[in-house]
1. Report yes if some residue within the range 64-83 is at pLDDT 95 or above and closer than 20 Å to residue 172 by Cα; otherwise report no.
2. I need the strands (runs of 3 or more DSSP E) fully contained in the range 128-234, keeping only those with at least 2 residues that are within 16 Å of ligand 1 (Cβ to nearest atom) and out of contact with any Ser or Thr (no Cβ under 6 Å at 6 or more places or on another chain).
3. Name the single residue, out of those in the range 154-170 being closer than 21 Å to residue 38 by Cβ and surrounded by fewer than 22 Cβ atoms within 10 Å (Cβ to Cβ), that is farthest from ligand 2 (Cβ to nearest atom).
4. Can you run down the residue pairs with Cβ atoms below 8 Å, 6 or more apart or on separate chains, where the first is in the range 96-118 and at positive phi and in contact (Cβ under 8 Å) with a residue 24 or more places away in the chain and the partner is in a loop (DSSP other than H, G, I, E, B) and within 16 Å of ligand 2 (Cβ to nearest atom)?
5. If you take the residues in the range 103-125 that are outside any helix (DSSP H, G or I) and aliphatic (A, V, I, L, M), which one is farthest from ligand 2 (Cβ to nearest atom)?
6. Would you confirm whether any residue within the range 180-193 is closer than 24 Å to residue 237 by Cβ and either surrounded by fewer than 17 Cβ atoms within 10 Å (Cβ to Cβ) or at pLDDT below 95 (or both)?
Amino acid sequence: MYAVVALGALLSPAAAQAAKGPTVTVMTRNLFLGADLAPAINAPTIAGAIDGAGTVYNELQSTKFPERAAPLAREIKASGADLVGLQEVALWRKQTPSDGGAKPISPLPGATPATTVEFDFLALLQAELKKAGAKYKVVVVQQEFEAELPVDADHNDATGTGPLAGLGADFDARLTMRDVILVRTGSKVKLGKTRTGHFKTRYEPSIGGIVIPVDRGWTSVEASVAKRTFRFVNTHL
Ligand SMILES: [Ca+2]
Ligand SMILES: [Ca+2]
């Protein structure tokens with residue numbers, strides 16, 4: 001969705017009339033991280049979470065962010081938005097063979113984070129924006145929830161790798177959630193200080209007693225146009 005905001009409308013009617021404030025176009029979009037995480041993070045046990053991670057991973061493949069990014073980039077271009085707030089700008093990474101996930105979910109002390117990038121939603125969207133002829137720069141990125149689990153993608157316990165091979169772990173998959181603000185190159189909006197924060201109250205499901213900290217938060221940037229100042233805030237509630 002996007003909106004044209006007349007800054008004068010935020011002032012008193014008389015002041016607005018006098019000001020005939022400059023116009024700024026803003027847009028907000030939740031990119032959808034690619035899958036419903038419930039089968040994994042709401043599983044009662046690690047074994048169930050590994051099966052659930054298979055369901056999540058297969059849904060991620062079928063929702064095809066690399067394809068979705070193209071019309072999204074065209075939509076951003078068509079909006080002409082000066083500022084764009086993006087939520088669920090996922091970064092998915094993979095590790096083969098599995099070494100048992102990673103903290104905070106993995107019960108194994110030697111488990112390390114996956115580093116091979118599978119889908120970087122920000123990089124994919126930026127590439128499509130470039131293809132669409134829309135020039136946007138990243139103003140601020142904040143990392144939110146992150147988790148890594150072994151994945152039983154073929155739902156077969158007889159195929160597995162690593163220390164949890166017996167539970168069917170084919171590989172590890174790591175999700176890093178991010179929120180991002182973009183600014184259009186050439187926009188008349190001048191930007192200043194950025195701020196970020198996480199909400200103190202968060203969703204904390206547990207898998208077999210291991211608490212999953214589902215962080216969410218906000219990013220903001222101070223902005224001005226024609227000597228009017230405002231604050232643009234992007235949040236994932
Ligand atoms: Ca790992
Ligand atoms: Ca398997």
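The values are calculated or read from the model by the stated rules, or taken from the named source; none is laboratory data. All values derive from a computational prediction rather than experimental measurement. Using ideal geometry, Cβ is built from the backbone for each residue, glycine included, and neighbour counts are taken over all protein chains shown.
1. Initial filter on the range 64-83 (at pLDDT 95 or above): 64-83.
Keeping just the survivors that are closer than 20 Å to residue 172 by Cα gives 64-65.
Yes, the range 64-83 contains at least one residue that is at pLDDT 95 or above and closer than 20 Å to residue 172 by Cα.
2. Details: elements: 136-151, 171-184, 190-198, 217-225.
Where strands (runs of 3 or more DSSP E) fall fully within the range 128-234 and carry at least 2 residues being within 16 Å of ligand 1 (Cβ to nearest atom) and out of contact with any Ser or Thr (no Cβ under 6 Å at 6 or more places or on another chain), they are 136-151, 171-184.
3. 167
4. From residues that are at positive phi and in contact (Cβ under 8 Å) with a residue 24 or more places away in the chain, the pairs are 100/162; 100/163; 100/164; 100/169; 101/164.
5. Taking the range 103-125 first, the residues outside any helix (DSSP H, G or I) are 103-120.
Subsequent filtering for residues that are aliphatic (A, V, I, L, M) retains 105, 108, 111, 114, 117.
On the way: 105: 18, 108: 18, 111: 18, 114: 17, 117: 22 Å.
So the residue we want is 117.
6. First, pick out the residues of the range 180-193 that are closer than 24 Å to residue 237 by Cβ: 180-183, 191, 193.
Keeping just the survivors that are either surrounded by fewer than 17 Cβ atoms within 10 Å (Cβ to Cβ) or at pLDDT below 95 (or both) gives 193.
Yes, the range 180-193 contains a residue that is closer than 24 Å to residue 237 by Cβ and either surrounded by fewer than 17 Cβ atoms within 10 Å (Cβ to Cβ) or at pLDDT below 95 (or both).
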